[in-house]
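Q: A single structure is presented below for examination.
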Amino acid sequence: MNPQTKLREAGLVLPSITPMVEPLVHCVRDGDLLYLSGKGPKTSDGSFITGKVGAGITVEEAYDHARSVGLLLLAACNAELGSLDRIQRVIKLLGFVNAAPTFTDHAKVVNGCSDLMVLVFGKEDGRHARSAIGAGSLPNGITVEVEAIFRVR
């Protein structure tokens, strides 16, 4: 089953992505690797989802935010490659959580993105190396930011 079908069966849709401000780009391809710029969660109207995890934002809410960031990452891949079928493997995710000082469940939050990758690409190609880091703040006050590296065809 291809990635688009897996997304559709899970009731998920790739969001539209907007151009980034120069000199930034959504991704850079180097050989068979595609490096994606960090993305943050947005509402359906395009505004950023903001707040501190562990101080007003729950782990469950932030997990959903990280999952939505995963969809943005996939949308950027789809725009660059023309199809998610060209992704061979998820290599690495780097996730940042805008967390209260005493918050320690960063990994549970970034699991939202990781679990999505396994759902879409399977247990072999979707599993990846990963870091989940707590941050005192993130751009625009977003709750989560994730960047990714994919092997592509």
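The values are calculated or read from the model by the stated rules, or taken from the named source; none is laboratory data. What you are looking at is a predicted structure, and each value in this text was computed from that prediction instead of being measured. Note: ideal-geometry Cβ built from the backbone for every residue, glycine included; neighbour counts use all protein chains shown. For the accessible areas, the whole protein counts, side chains as well, though only heavy atoms, and no ligand, DNA or RNA atoms are used. Shrake-Rupley method; radii C 1.70, N 1.55, O 1.52, S 1.80 Å.
Q: Could you tell me how many degrees, from 0 to 90 and to the nearest 10, lie between the Cα long axis of helix 106-125 and the main elongation axis, the longest principal axis, of the Cα atoms of the chain?
A: Tilt relative to the chain: about 10 degrees.
Q: Of the options Leu72, Pro15, Thr50, report the single residue whose Cα projects farthest towards the positive end of the charge dipole of region 9-153 (beta-carbon charges: Lys, Arg +1; Asp, Glu -1).
A: In region 9-153, that residue is Leu72.
Q: If you roll a 1.4 Å probe over the heavy atoms of the protein chains, what accessible area per residue do you get for region 1-140, in Å²?
A: Values: 7310 Å² over 140 residues.
Ligands and nucleic acids excluded, the result is 52 Å² per residue.
Q: Then there's this: Can you compute 3J(HN,Hα) from phi for each residue in region 27-37, using the Karplus curve 6.51 cos²θ - 1.76 cosθ + 1.60 with θ = phi - 60°, rounded to whole Hz and x for Gly and Pro?
A: Karplus values, whole Hz, x for Gly and Pro: 7, 10, 9, 9, x, 9, 10, 10, 9, 9, 5.
Q: Next question. Name the long-range amide H neighbours of Val144: under 5 Å, sequence gap of 5 or more, or other chain; modelled H, no Pro or chain starts.
A: For Val144, whose amide H was placed from the backbone, the distant partners under 5 Å are Asn98.
Q: Still on this structure, please answer the following. Across region 52-58, in residue order, what do the Karplus-derived ³J(HN,Hα) couplings come to in whole Hz, using 6.51 cos²θ - 1.76 cosθ + 1.60 with θ = phi - 60° and x for Gly and Pro?
A: Working through the residues one at a time gives 10, 6, x, 9, x, 10, 7 Hz.
Q: Something else: Calculate the spin-label point distance for Ala135 paired with Ser44, positioning each point 7 Å from the Cα along the beta-carbon direction, and give it in nanometres.
A: 2.7 nm
Q: Convex hull over the alpha-carbon atoms of region 1-74: what's its volume per residue in Å³?
A: Spread over its residues, the Cα hull of region 1-74 gives 131 Å³ apiece.
Q: Counting only protein heavy atoms and a 1.4 Å probe, tell me what percentage of region 1-136's accessible area is made up of carbon and sulfur. The partial results should precede the final answer.
A: Numbers: 3750 of 7030 Å².
Here carbon and sulfur together make up 53 percent of the probe-accessible area.
Q: Pop out the ³J(HN,Hα) list for region 87-102 in order, Karplus 6.51 cos²θ - 1.76 cosθ + 1.60 with θ = phi - 60°, rounded to Hz; leave Gly and Pro as x.
A: With coefficients 6.51, -1.76 and 1.60, one gets 7, 8, 6, 7, 8, 7, 10, 10, x, 10, 10, 6, 10, 5, x, 8 Hz.
Q: Moving on to the next point. Take every Cα pair under 8 Å in the chain that's 6+ residues apart, average their separations, divide by the length, and report that relative contact order as a whole percent.
A: This gives 34 percent for the chain.
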